[in-house]
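Student: Attaching a single structure in structure tokens format; questions to follow.
The values are calculated or read from the model by the stated rules, or taken from the named source; none is laboratory data. From a predicted model like this one, the values you see are computed outputs, not experimental measurements. Don't worry about glycine lacking a Cβ; one is built from the backbone with ideal geometry, like all the others, and counts go over all protein chains shown. Accessible surface is based on the protein model in full, side chains and every heavy atom, while ligands, DNA and RNA are left aside. Shrake-Rupley method; radii C 1.70, N 1.55, O 1.52, S 1.80 Å.
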Amino acid sequence: MPAPAPQPSVRVVTLTIDGRDLSARADETIIQVARENRIPIPSLCYLEGLSIWGGCRLCMVELAGSNRLVAACSTQVAEGMVISTCTPKLHRYRRTIVELLFAERNHVCSVCVSNGHCELQNLAQKCGVDHVKVPYRSAAYQVDSSHETFRLDHNRCVLCTRCVRVCDEIEGAHTWDVMGRGTDCLVITDLNRPWGESDTCTSCGKCVQVCPTGALVKQGTSVGEMTKDLHFLPYLSRRRHLS
Ligand code: SF4
Ligand code: SF4
């Protein structure tokens, strides 16, 4: 009987997060290790199973010996790292990001179908955002209701690109893209045609399920009714890596 092929060895490192001594695989990121150990680090764009985008900056953490914050989603762990995830400085930083997100578009929770099931709303509550200190942009964006099952409301979009990545990386349709620059960026379908006229959309609904806010929802839901289910993602992303 042939000898079994040698398994590639995985290097293990030791590090400290919020005073806890932990060990981890050297190829893991800070946010992965933190979540495995039930240490909460907020994020909007990061989602286990999708590629790293690193755009929302909510997962920034303090690293001892570094004079700048690092993104926990895109920074690999290293031997001896000492990381802090919940200092007053980080709390102020995250609160400002959430306030800017609220000021950038029109997130009116009381009339949103995702009210009570929204990751942005949850973050605002955790960060203690009871008012916004910067002026609202008050830009009015269109709602695309052309799809027979789903609806896109740009006013509630936080440009996390989860929809773009899940549609491309898991469903393989690549219906979504991002158009424009800065605060005027918009997610678009099929080179900016109405979603209902898309040739590539399979109507699988994955983009709707991963959307953290009420930007992508099912048609016909009313205030507070829209819940999202992310359970499919770990299973499908593991299958993608194995195939
Ligand atoms: S419903 Fe599925 S195929 Fe259509 S845009 Fe969303 S993820 Fe892509
Ligand atoms: S539509 Fe939803 S998932 Fe897509 S970028 Fe906007 S907030 Fe993120």
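Student: Out of the residues in the range 170-198 that are within 13 Å of ligand 2 (Cβ to nearest atom) and part of a loop (DSSP other than H, G, I, E, B), which is most open to solvent (accessible area, probe 1.4 Å)?
Tutor: GLY180
Student: Just checking, does the range 63-70 include any residue being in contact with a Phe, Trp or Tyr (Cβ under 6 Å, 6 or more places away or on another chain), open to solvent by 40 Å² or more (accessible area, probe 1.4 Å) and not in a helix (DSSP H, G or I)? Step through it out loud before you land on a result.
Tutor: Taking the range 63-70 as the starting set, the residues that turn out to be in contact with a Phe, Trp or Tyr (Cβ under 6 Å, 6 or more places away or on another chain) are none.
No, every residue in the range 63-70 fails to be in contact with a Phe, Trp or Tyr (Cβ under 6 Å, 6 or more places away or on another chain), open to solvent by 40 Å² or more (accessible area, probe 1.4 Å) and not in a helix (DSSP H, G or I).
Student: What pairs come out if I take residues in the range 40-52 that are among the basic types (Lys, Arg) and pair them with residues that are within 12 Å of ligand 2 (Cβ to nearest atom) and open to solvent by less than 10 Å² (accessible area, probe 1.4 Å) whose C-beta lies under 9 Å away, six or more apart or interchain?
Tutor: Close Cβ pairs satisfying both conditions: none exist.
Student: Here's a follow-up. Within the range 111-126, is there a residue that is open to solvent by 20 Å² or more (accessible area, probe 1.4 Å), modelled with pLDDT under 95, in contact with a Lys or Arg (Cβ under 9 Å, 6 or more places away or on another chain) and within 16 Å of ligand 2 (Cβ to nearest atom)?
Tutor: No: zero hits.
Student: Please verify whether CYS86 is at pLDDT 95 or above and either open to solvent by 20 Å² or more (accessible area, probe 1.4 Å) or not assigned by TED's automatic domain parsing to the domain that holds ARG25 (or both), treating the condition exactly as stated.
Tutor: On the way: at pLDDT 95 or above: yes; either open to solvent by 20 Å² or more (accessible area, probe 1.4 Å) or not assigned by TED's automatic domain parsing to the domain that holds ARG25 (or both): yes.
Judged against the criteria, CYS86 is a match.
Student: Does GLN142 satisfy the criteria of being open to solvent by 20 Å² or more (accessible area, probe 1.4 Å) and without any contact (Cβ under 8 Å) to a residue 40 or more places away in the chain? Explain how you work it out, then say what you get.
Tutor: On the way: open to solvent by 20 Å² or more (accessible area, probe 1.4 Å): yes; without any contact (Cβ under 8 Å) to a residue 40 or more places away in the chain: yes.
Taking the combined requirement at face value, the residue satisfies it.
Student: Tally time: how many residues in the range 13-50 are surrounded by 14 or more Cβ atoms within 10 Å (Cβ to Cβ) and under 13 Å from the mean Cα position of the chain (by Cα)?
Tutor: Final tally of qualifying residues: 10.
Here's the yes/no breakdown for (1) assigned by TED's automatic domain parsing to the domain that holds VAL33; (2) over 18 Å from the mean Cα position of the chain (by Cα):
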{"position": "ALA72", "(1), (2)": "yes, no"}
{"position": "VAL77", "(1), (2)": "yes, yes"}
{"position": "MET81", "(1), (2)": "yes, yes"}
{"position": "GLU99", "(1), (2)": "no, no"}
{"position": "GLU104", "(1), (2)": "no, no"}
{"position": "HIS107", "(1), (2)": "no, no"}
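Student: Against the condition touching a residue at least 60 places away in the same chain (Cβ under 8 Å), on the phi > 0 side of the Ramachandran plot and open to solvent by less than 30 Å² (accessible area, probe 1.4 Å), how does GLY80 come out, does it pass? If you could, list the steps in order and put the result at the bottom.
Tutor: Working: touching a residue at least 60 places away in the same chain (Cβ under 8 Å): yes; on the phi > 0 side of the Ramachandran plot: yes; open to solvent by less than 30 Å² (accessible area, probe 1.4 Å): no.
So GLY80 does not fit the description; no.
Student: Could you grab the pairs with beta carbons closer than 6 Å, sequence gap of 6+ or different chains, first residue in the range 15-32 and at pLDDT 95 or above, second one surrounded by fewer than 16 Cβ atoms within 10 Å (Cβ to Cβ)?
Tutor: Matching pairs, first to second residue: THR16/VAL82; LEU22/ASN37; SER23/VAL12; SER23/THR14; ARG25/VAL10; ALA26/ARG11; THR29/GLN76.
Student: Quick test for you: out of CYS160, CYS201, CYS167, pick the one residue that is within 14 Å of ligand 2 (Cβ to nearest atom), open to solvent by less than 50 Å² (accessible area, probe 1.4 Å) and part of a helix (DSSP H, G or I).
Tutor: Details: CYS160 fails: part of a helix (DSSP H, G or I); CYS201 fails: part of a helix (DSSP H, G or I).
So the residue among CYS160, CYS201, CYS167 that is within 14 Å of ligand 2 (Cβ to nearest atom), open to solvent by less than 50 Å² (accessible area, probe 1.4 Å) and part of a helix (DSSP H, G or I) is CYS167.
Student: Considering each residue of the range 204-237, count those that are without any contact (Cβ under 8 Å) to a residue 12 or more places away in the chain and in a loop (DSSP other than H, G, I, E, B), and give that number. So that I can check it myself, show each step before the final result.
Tutor: Quick first cut of the range 204-237, residues without any contact (Cβ under 8 Å) to a residue 12 or more places away in the chain only: 220, 231, 235.
Filter again for in a loop (DSSP other than H, G, I, E, B), leaving 220, 231.
Residues that pass the stated criteria total 2.
Student: Mind listing whichever residues of the range 206-236 are touching a Ser or Thr at 6+ places or on another chain (Cβ under 7 Å) and within 13 Å of ligand 2 (Cβ to nearest atom)? Please lay out each step first, then the result.
Tutor: Step one: filter the range 206-236 for residues touching a Ser or Thr at 6+ places or on another chain (Cβ under 7 Å), giving 213-214, 217-219, 226.
Those that are touching a Ser or Thr at 6+ places or on another chain (Cβ under 7 Å) and within 13 Å of ligand 2 (Cβ to nearest atom): THR213, GLY214, VAL217, MET226.
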